[in-house]
Amino acid sequence: MQTARDVAILARRQLRATVSYRSGIFVGVTQPVLFLLLFGPIMSSVLAAQEGHVSAAWSLYVPGILVMLALFSAGYAGFALFADLHSGYQERLRATPVSPTSLLLGRLAHDVVVQLFQATLLLVLAAVLWLRAPLLGMLVQLLFVALLTIGSAALSYALALKTRHQYVFAPLISLGTLPVMLLSGILLPMSLAPRWLEVLSYLNPFRHILDGMRPALRGDLAAAEVFIGLGVAGALVAVALVVSSRSFARELA
């Protein structure tokens, strides 16, 4: 019960800071929206030639945009830690009874709320313009986004605590997210890639997650890819939470 209260208090603190700078929420979703509006029609034409009809093409493209949103927004969540590290806020927390787990979960709860808000905006916009998908398929997309946010943000916080400086953190995050994005099939399915590149992409967990999101958005929730994707996302969350929890525990020791 005490942990739940601490998580709620810490999440509210983060959300108040985010709401006070509302423009940050909309700036974060700007890039995926631009990809949807300016690149989506081109990609849908390319994918429609492969899939046979335009609606299937949008079911392939929109999950990639959602993964991009989670990967880049949550992947850079560690930046929020630097202000607390440099202001001494993180140091003062050592004098309080709050646990490292609560600190981590409070930040992650804030990140999930923000990401779900942005993903919902993106899905509504896509549905209004081009996407034709069942409601349950869209809700499963939000479940994937929540899991991806937890996994990506937790690893980002662990890296921020390890590097302790944004000038080291930023290039490392960019170096890590770029190959993950290119090898996940965010823009085009990896089945279109040369065989060697497709085989290499199987090492990327985001490829399996994206492969699960695409049939789910079409309403094919019984597809094996959906369960594999959820399993991989769950494993990513478990590993990220363990790594990040240890980092927060060392920080408050």
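The values are calculated or read from the model by the stated rules, or taken from the named source; none is laboratory data. Worth saying up front: this structure is predicted, and the values here are computed from it rather than measured. Positions of Cβ are generated from backbone atoms using ideal geometry, with glycine treated the same way; all protein chains shown enter the neighbour counts. Calculation scope for accessible area: heavy atoms of the full protein, side chains included, ligands and nucleic acids excluded. Shrake-Rupley method; radii C 1.70, N 1.55, O 1.52, S 1.80 Å.
Things to note:
- Debye log10 I(q)/I(0) for the chain, one point scatterer per Cα, at q = 0.09, 0.12, 0.14, 0.17 Å⁻¹: -0.40, -0.70, -0.93, -1.29
- Peptides 176-182, 245-251 ordered by packing proxy, namely the average of other Cβ atoms within 10 Å per residue, highest first: 245-251, 176-182.
- Kirkwood Rh and Cα Rg combined as Rg over Rh, evaluated for region 163-253: 1.08
- Among Val128, Val112, Val33, residue whose mean-square fluctuation peaks in a GNM of the chain (springs only between Cα atoms under 10 Å): Val128
- Whole-percent pair-distance distribution, where bins are 10 Å wide, for the alpha carbons of region 148-196: 22, 42, 24, 12, 0
- Convex hull volume per residue for region 38-166, taking Cα atoms only, in Å³: 119
- Using every pair of distinct Cα positions in region 98-241, the Kirkwood expression returns a hydrodynamic radius of 16.5 angstrom.
- For peptides 7-14, 101-108, sequence by mean Cβ density within 10 Å, most packed first: 101-108, 7-14
- Normalised radius of gyration (Cα atoms, divided by 2.2 N^0.38 Å) for region 94-140: 1.77.
- Over the chain, accessible surface divided per residue gives 47 Å², non-protein components excluded, 1.4 Å probe.
- Within the accessible area of region 87-145 (1.4 Å probe), percent carbon and sulfur: 75
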